[in-house]
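A short write-up of the structure that comes next.
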Amino acid sequence: MSFRFEIEAREDKARSGRFFTPHGEVQTPVFMPVGTVASVKGVPQDVLEELGVQILLNNTYHLYLRPGVEMVRKLGGVQKFMAWDHPILTDSGGFQVFSLSDLRKVTEEGVMFRSHLDGSSHFFSPESAMAAQIGLGADIIMAFDECTEHPAEYARTQASMEMTLRWAARSKKYFEEHKHEVPWFAERNRETQTLFGIVQGGMFPDLRRESAQRTVELDFPGYAIGGLSVGEPRPMTYEMVDNAIRFLPDDKPRYLMGVGTPEEIVHYVAQGVDMMDCVLPTRAARHGLLFTSEGRISIKNVRFAADEGPLDPACGCKVCARYSRAYLRHLYASNELLAQVLNTVHNLAYYLDTMRKVRQAIQLREFARFLSGFRPPHLAPESAHSQRGSEFPEI
Ligand SMILES: [Zn+2]
């Protein structure tokens with residue numbers, strides 16, 4: 001058995017535990033930084049290790065186009081390729097393909113799309129998306145789904161959800177027949193990857209419930225909730241998460257895809273979510289937008305020009321230990337590469353530290369008190385924006 005999930009502590013709906021993969025164990029709840037093309041932009045792997053990153057997300061669509069699945073397979077799989085001997089999760093490619101709205105065509109068989117790199121034509125079916133993810137060799141891979149656009153009408157959302165269910169069954173069938181083809185199968189004692197199913201259902205509570213129930217009938221070792229944080233108001237996100245989670249098995253991990261702000265990820269944990277990923281900390285960092293214990297900071301602001309203090313006095317990261325706000329502002333204003341590196345290191349440290357505190361609070365049964373220290377995120381004025389892009393209007 002390659003994959004095992006153990007819950008060690010609970011407080012209300014929140015859970016803390018760990019899961020085990022062929023490339024190591026992961027403590028939950030976990031935040032997964034995004035390394036789109038097998039790289040967290042600007043941050044070397046040894047620094048990710050120092051930060052305590054447990055598992056990375058890579059994007060199948062991007063790696064499929066470049067350097068290509070065959071190349072990664074020949075090089076031993078994505079962990080070896082990127083010199084990251086720890087767990088990796090790949091998405092199915094579905095979300096990226098569906099983001100190419102005018103470059104794609106969807107049929108029952110799959111999705112025809114054009115590369116954003118050179119305009120060349122490609123086709124992803126549930127089978128070929130599985131083949132790509134098996135070739136890349138991430139520890140956790142995702143069933144091929146259709147991420148329903150927002151807004152969408154009921155009939156359209158229902159039809160999309162039905163297709164995602166058929167695609168989930170096809171994904172699972174292909175995976176079961178080919179899972180031994182993962183590049184590190186022999187070297188990891190015939191362990192293999194773990195395939196998660198994805199709940200869709202748009203913004204309709206009954207479709208979320210039905211999608212959850214019927215995905216569970218297909219029997220996956222873990223379940224993702226997809227198609228959220230796509231521009232809907234935040235209270236609706238919470239409602240949809242709740243309508244999916246209530247119908248997911250208690251003893252399997254739940255992965256909420258593509259969220260959120262530091263305040264929001266804490267609240268999703270309170271709803272029973274175990275895994276999350278988001279581009280927000282890394283993308284915002286590259287735009288000089290930093291999360292701190294004193295709130296959000298735009299480091300480009302002139303008020304930091306002579307500020308000798310650390311970015312976040314409460315942060316233990318090596319950026320906050322060494323550099324002043326004045327220096328960080330200067331790097332950003334001068335368009336130095338180092339600005340992006342240091343900003344990203346801090347934002348990741350802030351997210352990972354938040355999640356570390358969450359795990360500790362649940363284990364000590366102090367999570368309710370911890371949670372009360374976070375501003376109700378749906379009251380935040382920017383909460384209606386999509387985090388897939390960014391909540392910051394200037395990005
Ligand atoms: Zn810091």
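The values are calculated or read from the model by the stated rules, or taken from the named source; none is laboratory data. These numbers were taken from a predicted model, which means no experiment stands behind them. We place every Cβ from the backbone using ideal geometry, glycine too, and count neighbours over all the protein chains shown. The protein model used for the area step is the full one, side chains on, heavy atoms only, and it has no ligands, DNA or RNA in it. Shrake-Rupley method; radii C 1.70, N 1.55, O 1.52, S 1.80 Å.
Quick look at the numbers
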read-out: Failed condition for Ala186, given (1) surrounded by fewer than 21 Cβ atoms within 10 Å (Cβ to Cβ); (2) farther than 25 Å from Met130 by Cα; (3) free of Cβ contacts under 8 Å to residues at least 60 places away in the same chain; value: (2)
read-out: Considering residues of the stretch 141-162 that are open to solvent by less than 20 Å² (accessible area, probe 1.4 Å) and either free of Cβ contacts under 8 Å to residues at least 12 places away in the same chain or out of contact with any Gly (no Cβ under 7 Å at 6 or more places or on another chain) (or both) only, the residue farthest from Asp91 (Cα to Cα); value: Ser160
read-out: Qualifying residue in the stretch 331-347 (condition: part of a helix (DSSP H, G or I), among the polar types (S, T, N, Q) and open to solvent by 30 Å² or more (accessible area, probe 1.4 Å)); value: yes
read-out: Subset of the stretch 219-239 (residues that are open to solvent by 10 Å² or more (accessible area, probe 1.4 Å) and not charged (D, E, K, R)); value: Pro221, Val230, Gly231, Pro233, Pro235, Met236, Tyr238
read-out: Residue in the stretch 296-304 that is among the charged types (D, E, K, R), modelled with pLDDT of 95 or more and away from the ligand (no atom under 16 Å from the Cβ) present; value: yes
read-out: Within the stretch 63-139, helices (runs of 4 or more DSSP H) holding 2 or more residues that are over 22 Å from Gly227 (Cα atoms) and in contact (Cβ under 8 Å) with a residue 40 or more places away in the chain; value: 69-74, 78-81, 126-136
read-out: Members of the stretch 1-52 that are farther than 24 Å from Met71 by Cα, open to solvent by 10 Å² or more (accessible area, probe 1.4 Å) and assigned to a loop (DSSP other than H, G, I, E, B); value: Met1, Ser2, Phe3, Asp12, Lys13, Gly52
read-out: Residues being in a helix (DSSP H, G or I) and either crowded, with 20+ Cβ neighbours inside 10 Å or away from the ligand (no atom under 15 Å from the Cβ) (or both) - total across the stretch 355-368; value: 9
read-out: Tally of residues being under 24 Å from Glu50 (Cα atoms) and away from the ligand (no atom under 12 Å from the Cβ) across the stretch 310-331; value: 3
read-out: Residue match in the stretch 340-361 (condition: over 26 Å from Tyr268 (Cβ atoms) and more than 26 Å from the chain's Cα centre (by Cα)); value: no
read-out: Top-ranked residue of the stretch 189-206 - restricted to ones that are in contact with a Pro (Cβ under 8 Å, 6 or more places away or on another chain) and not in a loop (DSSP other than H, G, I, E, B), ranked as nearest to Pro87 (Cα to Cα); value: Thr194
read-out: Residue check, Asn335 at positive phi and modelled with pLDDT of 95 or more; value: yes
read-out: Matching residues in the stretch 255-284 - criterion: being open to solvent by 10 Å² or more (accessible area, probe 1.4 Å) and within 15 Å of Asp12 (Cβ to Cβ); value: His267, Ala270, Gln271
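Let's see how each residue does on (1) over 21 Å from His178 (Cβ atoms); (2) at pLDDT 90 or above; (3) open to solvent by less than 50 Å² (accessible area, probe 1.4 Å):
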residue: Phe95; (1), (2), (3): yes, no, no
residue: Arg104; (1), (2), (3): yes, no, no
residue: Glu108; (1), (2), (3): yes, yes, no
residue: Val111; (1), (2), (3): no, yes, yes
residue: Asp118; (1), (2), (3): yes, yes, no
residue: Phe123; (1), (2), (3): no, yes, no
residue: Pro126; (1), (2), (3): no, yes, yes
residue: Gln133; (1), (2), (3): no, yes, yes
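Conditions tested, residue by residue: (1) away from the ligand (no atom under 16 Å from the Cβ); (2) closer than 25 Å to Leu195 by Cα; (3) outside any loop (DSSP other than H, G, I, E, B).
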residue	(1), (2), (3)
Asp251	yes, yes, no
Tyr255	yes, yes, yes
Glu264	yes, no, yes
Val269	yes, yes, yes
Pro281	no, no, yes
Ala285	no, no, yes
